[in-house]
1. For the range 27-84, enumerate the residues that are more than 30 Å from residue 216 (Cβ to Cβ) and of a type in the set (Lys, Arg).
2. Tell me which of these residue 123 doesn't satisfy, since it passes every other one: (1) buried (at least 23 other Cβ atoms within 10 Å of the Cβ); (2) farther than 28 Å from residue 50 by Cβ.
3. Within the range 72-98, which residues are of a type in the set (A, V, I, L, M, F, W, C), farther than 17 Å from residue 123 by Cβ and in contact with a strand residue (DSSP E or B) (Cβ under 8 Å, 6 or more places away or on another chain)?
4. Taking the options 233, 265, 278, name whichever one is within 29 Å of residue 155 (Cβ to Cβ) and modelled with pLDDT of 95 or more.
5. Restricting attention to the range 206-264, report how many residues are among the hydroxyl-bearing types (Ser, Thr, Tyr), out of contact with any helix residue (DSSP H, G or I) (no Cβ under 8 Å at 6 or more places or on another chain) and farther than 16 Å from residue 298 by Cβ.
6. Do you know which of the residues in the range 43-75 that are small (Gly, Ala, Ser) and at positive phi is surrounded by the fewest Cβ atoms within 10 Å (Cβ to Cβ)?
7. Looking only at the range 1-59, which residues are among the charged types (D, E, K, R) and either part of a loop (DSSP other than H, G, I, E, B) or touching a Pro at 6+ places or on another chain (Cβ under 6 Å) (or both)?
8. Scan (1) touching a residue at least 40 places away in the same chain (Cβ under 8 Å); (2) under 18 Å from residue 74 (Cβ atoms) for the single condition residue 137 breaks and write down its number.
Amino acid sequence: MLNTQRIKELARDVGFDLCGVARCRNFEGDRGFLEGWIEQGFASSLDYLKRNTERRADAAALVEGAKSVIVCAVSYKNCISEGYPADHKTKVASYACTTDYHTTIKQMLFELSARLKELAPLLSGRCFVDSAPIFEKRYAVEAGLGWIGRQSLLVTPEFGTFVLLGEIVMTEECDSYDEPLVTVGCGECRRCVEACPNGAVKERHIDTSRCISCATIEREGEGEKCDLHGWIFGCDECQIVCPYNRKAPLATNPRFAPKFNPIEFTSEWWQNLSAEEFGEVFGSTPLSRAGVERIKANVEK
């Protein structure tokens, strides 16, 4: 049996800002909501969300004998998270200005897992960073990290929505488990709903056919066209206006320091960028997922 307090101490040691532990459980209610959301067409071209809905509801389907889920979060807020000048036409979401978080957080989770195995040599489990069908935001809520806001993102009291998540699903039980937060939440605030220029933000869910982030990154569905409003990769509009984000501190983990500042780049600079130059500047960032030609196409829209 692992000591929850020790888990949190080790998580801080490897660089995470938040850590909580939840029991494995079946989230049938979330599964039902997801399936209804898909049936209404809100998933648009995101076909991967339409697969494995049953497995998403049960972490034990990912790790046999799973008993506990360690949920870790790290802040990535930087100067770009504050927003862009009104006349800037090539905006990039602030998380994408750093080294790809899939790589960074996975490394941190592996390090945490190795330290936990020193305490429990027979520990078995798997690390996930957007790499498996798991309701990670729901587990983050169960682990006491925050709540799901109107823009469907996890909101944390300390760091707002500018956090990235990773999980360790393990077979070991813990001596205590965290509880969801109470007496905090979005209240009557609807700034994120009102800020979305395309009306993609609904009540705690997203119409992905209208979402700028999806339009700049994901495969476009047939007939789907979306005004990008100057964003060429991702979008922070619904996050910039969140009161919790406005008061959140800048990230302190050097692994999430920006590798470039999009404010320095004009539309012409992006259009003249060669594939080789793109790889040199952005090869280790999330922009590599889109590729230089997709980015150039977004600049033109």
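The values are calculated or read from the model by the stated rules, or taken from the named source; none is laboratory data. Since this is a predicted model, take the numbers as computed values, not measurements. We place every Cβ from the backbone using ideal geometry, glycine too, and count neighbours over all the protein chains shown.
1. Selection gives 67 alone.
2. (1)
3. 73, 74, 80, 92, 93, 96
4. Only one candidate passes the filter, namely 233.
5. 3
6. 65
7. Hits for the range 1-59 are 17, 25, 51, 55, 56.
8. Here residue 137 clears every test but (1).
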